[in-house]
Structure formats: structure tokens, C-alpha cells
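To start, the structure itself, in C-alpha cells.
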Amino acid sequence: MHITILYRGSLISCNYGCEYCPFAKKQQSAAELAIDRQEVEKFVDWIAENSQHEFSVLFTPWGEALIHKWYQQALIRLTQMPHVSKAAIQTNLSCKLDWLKKCNQEKLSLWATFHPEWVNCHSFLSQCLELNHLGVSFSVGVVGFPQFKAQINYLRQQLPNNIYLWINAVKKELPNLSDEDRAFFQDIDPFYELNTQHYPSLGKTCRAGKSLISVDGEGTMKRCHFIKAPIGNIYAHDWETALFERLCINETCHCHIGYVHLDYLELEQVFGDGILERIPHNWHYN
Ligand code: SF4
Ligand code: SF4
């Protein structure tokens, strides 16, 4: 069986300080980070031991993970496992990139977000070009605030056309955007409007809980990041019995890492193999 896991462990710290983010410039003690490290290593060991399944893993940390060696090591190990088809991570791309050469590039993917208040366009772009040079698959995202339009435009012009630049629609800000702002975002990202919706999900079938789970540092399984009730624990002998079809119990779903798994939206037709790291199928910017 192919199982997708969204892993979010005990990391709650970041080297950047984006003002809209609860983890901005938050620090953790060495003891707290050691716990996160042990949890990540145990999780990767568990994936290694469960080769009866095929796995795709997306790390969705609360904070920046790739500045810590244990996340780099986790991706190196996961991408080398025959029964892992994808290992991806959300990152601000502030880390060094030399370790990426040790990954199996056919299975690695990065979801890289540009934060214009914390890194200048040129530095971020040079990291992106290095990734492209290394043959790493990645998407680039920017939060859709109108004040970032100049940097977004610059990035789109400088990034190779094979790199998808997506705009994260800030749902609360949508009423404040002008028609021109929305047209600009849509021009940069043809799938922008797809991300502006709160999709009805109550009672709908979704892969979450059946072939996709969210896992925390202690191994607690939830169907997704947006429904908090645990459904099991991956470290329990009977963890597989928790996987079966469930209907969504939330009214709506509005985050890419959630709604792309709603069956009725059929978004695998848009994203194909790049659904986790947010890269549209056969992407090329025109
Ligand atoms: S880089 Fe990401 S995790 Fe860090 S402060 Fe900014 S939004 Fe938050
Ligand atoms: S639709 Fe969204 S909230 Fe509902 S189960 Fe799927 S991922 Fe979770």
C-alpha cells in the first residue's frame, strides 16, 4: 500500500522572524532540540523497518528544519530507501546546500518559501539556481501580500521557466486586494485562484486517514493536520488497522497540504507526482 505521511515533530523554532508567524525567531533549548532529533531518527528508522509499504513523506515543520543536520540526514536516508518514492520538506532555504549531493535526487523534493523581509531576492535566487544546478526538484512560494509584488516579479523573471513559483493566497487579505493585485498574482501563478478557496469538505471523501496520515514526534497518527483527534500510533503493533476510508468532519479545507487530498477536486490531475511539494504536472512558465 502507498502511504503518504505529513510529519510534524517537536520542532517549533526558526531562524527567520516573519511577523505573521507564531514561530518567528522562536528558539528552543539544546535539550528540546535533542528530543526533536531523537524523534526524527526514530521515525526514519520506522520507515526503514516498514518496507511492506511504499511511502511518500512531506516534512511540514513548525519552524525551519533544514538548518538542523538531523533533518538533512533524514532526507538523505529516506531518499535512498527502495520503498520510499518521495521525501520532501517545507523550508525557507536558508541552509547550506552541500549535503543535498548525498540524496537520491530522483526522490527528493523541496517546497521552498521566499520571505522577502528576511532574505534579499539575490541571495534567495542564488540558492534556487544552485538547487537547479544540482538537479534538485523544488517549488518556490511567496506569501501573496501586494507589498511583495516587485520582488515576486523579479523572482519570476530570473527563475528558470521550469521552476514553478506559487503564490500563497492569504485568505483573510483577499477582500483587501485590488483586481489588479489578483490579476498580477494569477499571471505569476496560473493556479493562484485555486488556492483562494475554502473548499467544502464536510462529509466528503478524502485520502486523509486512509492512505495519508499526519504523524507527530511521538508517533501519534491523525488523519491530517487539520483534524486533531488521534487515530492511532505508528509505533503500536496494530497501527495499520487505523487506516480506512473516512469522511471529512470539517466544514471546509483551505490549505494546499489538505485540500489536494479531497477526492472530488481531482487535483492529482493538476499536480500529478508533484502534489506533495506543490509542482504542477509538466510545469513550464510561459
Ligand atoms: S520562515 Fe517560515 S517558520 Fe520561519 S518565521 Fe517565517 S513563516 Fe515562520
Ligand atoms: S478535507 Fe482537509 S480537513 Fe478534511 S480530512 Fe481532508 S485534509 Fe483533513
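Residue by residue, here is whether (1) more than 25 Å from V57 (Cβ to Cβ); (2) in contact with a strand residue (DSSP E or B) (Cβ under 7 Å, 6 or more places away or on another chain) holds:
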| residue | (1), (2) |
| --- | --- |
| Y192 | yes, yes |
| F226 | no, yes |
| D238 | no, no |
| C255 | no, no |
| P280 | no, no |
| N286 | yes, no |
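Counting the residues of the range 93-106 that are assigned to a helix (DSSP H, G or I) and either open to solvent by 20 Å² or more (accessible area, probe 1.4 Å) or touching a residue at least 40 places away in the same chain (Cβ under 8 Å) (or both) gives 3. Scanning the range 53-91 for residues that are open to solvent by 10 Å² or more (accessible area, probe 1.4 Å), within 13 Å of the chain's Cα centre (by Cα) and within 16 Å of ligand 1 (Cβ to nearest atom) yields P61, W62, G63, Q90. Of all residue pairs spaced 6 or more apart or on separate chains, those with beta-carbon atoms under 6 Å, a first member in the range 68-92 that is more than 20 Å from I275 (Cα to Cα) and a second member that is part of a loop (DSSP other than H, G, I, E, B) and not aromatic (F, W, Y) are Y71/A65; I76/C103; Q80/N104.
Can you work out which of the residues in the range 154-192 that are surrounded by fewer than 14 Cβ atoms within 10 Å (Cβ to Cβ) and within 21 Å of V270 (Cα to Cα) is farthest from the chain's Cα centre (by Cα)? Restricting to residues being surrounded by fewer than 14 Cβ atoms within 10 Å (Cβ to Cβ) and within 21 Å of V270 (Cα to Cα), the top hit is A183. Within the range 31-43, residues that are at pLDDT 95 or above sit with their Cβ atoms under 7 Å from residues that are in a helix (DSSP H, G or I), at 6+ positions apart or across chains, in these pairs: R37/W70; V40/W70; V40/Y71; V40/A74; E41/W70. Screening the range 203-238 for residues that are hydroxyl-bearing (S, T, Y) and farther than 25 Å from L267 by Cβ and picking the one that is farthest from ligand 2 (Cβ to nearest atom) gives Y235.
The values are calculated or read from the model by the stated rules, or taken from the named source; none is laboratory data. Keep in mind the model is a prediction, meaning the values are calculated, not measured. Here Cβ is always computed from backbone atoms with ideal geometry, including for glycine, and neighbour counts include all displayed protein chains. Heads up: the accessible areas ignore ligands, DNA and RNA and are worked out on the full protein's heavy atoms, side chains in. Shrake-Rupley method; radii C 1.70, N 1.55, O 1.52, S 1.80 Å.
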